[in-house]
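The values are calculated or read from the model by the stated rules, or taken from the named source; none is laboratory data. In this text the structure is predicted, and so the values were computed from the model without any measurement. Please note: Cβ atoms are built from the backbone with ideal geometry, for glycine as well, and neighbour counts cover all protein chains shown. With ligands, DNA and RNA removed, areas are computed over all heavy atoms of the protein, side chains included. Shrake-Rupley method; radii C 1.70, N 1.55, O 1.52, S 1.80 Å.
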Amino acid sequence: MGHAKGMSEIQFGVHVRPEFVAEVLTVPDNVNIERRLSRFERISNINAVRKLTILLGLIVSWEAYTQIANVEVLLFPSFSISIQALWETMLTGEIFEKIWASLSILVVGYVAGLLLSAVLLIVAVTSRIGGDILSTLTAMFQPLPAISLLPLAMLWFGLGAPSLIFVTIHSVLWAVTLSTLTGFMAVSETLRMVGRNYDLRGIFYILKILVPAAFSSILTGLKIGWAFAWRTLIGAELVFGALSGKGGLGWMIYENGDNLDTEYVFAALFTVILVGLLVENVIFRNIEMKTVNKWGMQH
Amino acid sequence: MAEGGAAGPAAAVIIRSEYEHKSLGKAGTGEVQRRLSWFERLSNIDSVRKYTVLVGVLVIWELYTIVADVPPLMFSSFSDTAAALVNALVNEGLLQNIWNSISTLFKGYVIGIGIAVVLVTLGVTTRFGTDLLTTLTAMLNPLPAIALLPMAMIWFGLGEAAIIFTLLHSIIWPVALNMHTGFLGVSETQRMVGRNYGLKNIRYIVKILMPAAFPSILTGLRIGWAYAWRTLIAAELVFGGQVMDTSGQMGAKGSNAGGLGWIIFQNQMDLRIPYVFAGLLSVILVGVLIENLIFRTIEERTVRKWGMQKA
């Protein structure tokens, strides 16, 4: 090897630069090696400041647009009018009633959906035929938007809370079941063997081995289920609005849209966003931090 | 340790005397290998089991309606539903309604993805864009698109434009959110490869970020499709209610305007329950087809083939 390398060096000729000693090595003048960032740069490096500025900018341009273009309030209310409407409904307590009406149905449907899903999953995990039934049912019902069952639900349960709960259950059940089942299938054989080694069976095997190991997909399922349920519920209340009845935030949006009280529509939209943010960023974020993040399953 | 080592040779080693086992007769273990029975072999095939379950569900459905004598106005039997589906397909132009839904969905989907891509491109190339994108998605993603329908109807009138506007909202945010998260997760090594090639802006996004973040982009597309499909059906149902009190052109009686949601709503209003079930069946079929044909194929040709995701 060394020989061959020597040969090629001779063949191609290696240029060696003559050595030299640098006599004077001084720091050049007029150069800022280190400089403090300016005040503006320092402030704009804070994430929260930038985001709040953007939020403010959006609000200001919304307000300015409605003022300058002189848009009809009926078509597009300005930010200030919408906030005023929101404040008004808060003072009368109307908005809290609507939120409660929506959330109480959502919680009942969500919990019932989770319980049903748990029962189905227990059957599916413990027997092969159960697994087959569950995967067939999930494949069938998962692509069916829950809201499309609303006309039938209204026929079966009448106009009222039971119909809404029925469609909410349907929207939660399949999303959660599918995600959990996928999670269970992906549990590593090592963990399963640990469980079998401890002679865990049936419900104990599920609770002690499968659920903790698959928790990040279960959580994903819970989140998707919540998102579907929230969307379905608002949609269902809108459809109800079109027929009759009363109820939560969706109905408030529909009713005010129909009466062209658009500032109240926007107030209801704000509320829907706030409730969504609260559930996602407070409840689910907390669960995530206390479980999968703490256990090091997800960063 | 040293003590043990010293004690080793001194300790007596017991060697068992060798012996031969004279009579090792046939062990009474029974059959060592046995062919599975017909039934077992058949039931080991996944698809056979699943189709059996499906047929079982249908039979139970049919039997339930016959045995429990359910009034057909409340719950139609499978045979009635199947007959209604065939009749609707052949005589009532159900295919046209299905096509109406799909074409509306497709328009919204394509425009929505276009807007999402522009937003994310902005978000990746400038810091201001990132901030704008994250603020907008955080704010608007939790808002169910259908809640915007009443406003959309005021702005765009009763018609396709209002539905497409709502669809856009249901597609843009999940797609943008997932795409952006995917881009943020691209490894520094791959980014450096891109910079090494001198790729900038669009070419950097298309050649480096998109392939590397494809699994999350695909997830975003799937969630976007799921939300859009749900929103579309819901929007058509709401329009169904609107047609009662205004004379909108959506789904005027007898015509084949309007999509699947409208068909379900209209048939329920007329108490043609088998046709409601037929509508639901076609919603399921369209969903299964799009999921299994389109998304499965994309998945197999990209992320599975590239080894980014296992089966």
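Worth pointing out:
- Residue satisfying all of: in segment B:131-155; free of Cβ contacts under 8 Å to residues at least 40 places away in the same chain and farther than 21 Å from A:W226 by Cα; nearest to the other protein chains (Cβ to nearest Cβ) among these: B:P150
- Of the residues B:F165, B:F78, the single one that is closer than 17 Å to B:G279 by Cβ and open to solvent by 20 Å² or more (accessible area, probe 1.4 Å) is B:F78.
- The set of residues from segment B:43-66 being of a type in the set (A, V, I, L, M, F, W, C) and open to solvent by 80 Å² or more (accessible area, probe 1.4 Å) comprises B:V55, B:I60, B:L63, B:I66.
- Restricting segment B:108-130 to residues that are open to solvent by less than 10 Å² (accessible area, probe 1.4 Å) and within 14 Å of chain A (Cβ to nearest Cβ), the residue that is farthest from the chain's Cα centre (by Cα): B:G129
- Helices (runs of 4 or more DSSP H) fully within segment B:25-98 counting 3 or more residues that are charged (D, E, K, R): B:46-67
- Scan of segment B:264-275 for residues that are touching a residue at least 24 places away in the same chain (Cβ under 8 Å) and either open to solvent by less than 20 Å² (accessible area, probe 1.4 Å) or more than 10 Å from every other protein chain (Cβ to nearest Cβ) (or both), ordered by number: B:I264, B:F265, B:R272, B:I273, B:P274, B:Y275
- Matching helices (runs of 4 or more DSSP H) fully within segment A:195-277 where at least 2 residues are touching a Phe, Trp or Tyr at 6+ places or on another chain (Cβ under 6 Å) and of a type outside the set (A, V, I, L, M, F, W, C): A:215-243
- Segment A:113-145, residues that are part of a loop (DSSP other than H, G, I, E, B) and either open to solvent by less than 30 Å² (accessible area, probe 1.4 Å) or of a type in the set (V, I, T) (or both): A:P143, A:L144, A:P145
- Pairs, first touching a residue at least 40 places away in the same chain (Cβ under 8 Å) in segment A:123-141, second not in a helix (DSSP H, G or I), C-beta under 9 Å, six or more apart: A:T126/A:R201
- Residue check for B:R203: more than 22 Å from the chain's Cα centre (by Cα) and away from chain A (no Cβ under 14 Å): yes
- Only helices (runs of 4 or more DSSP H) whose full extent lies in segment A:2-74 are considered here, and the ones with at least 1 residues that are surrounded by fewer than 10 Cβ atoms within 10 Å (Cβ to Cβ) and modelled with pLDDT of 75 or more are A:39-44, A:47-68.
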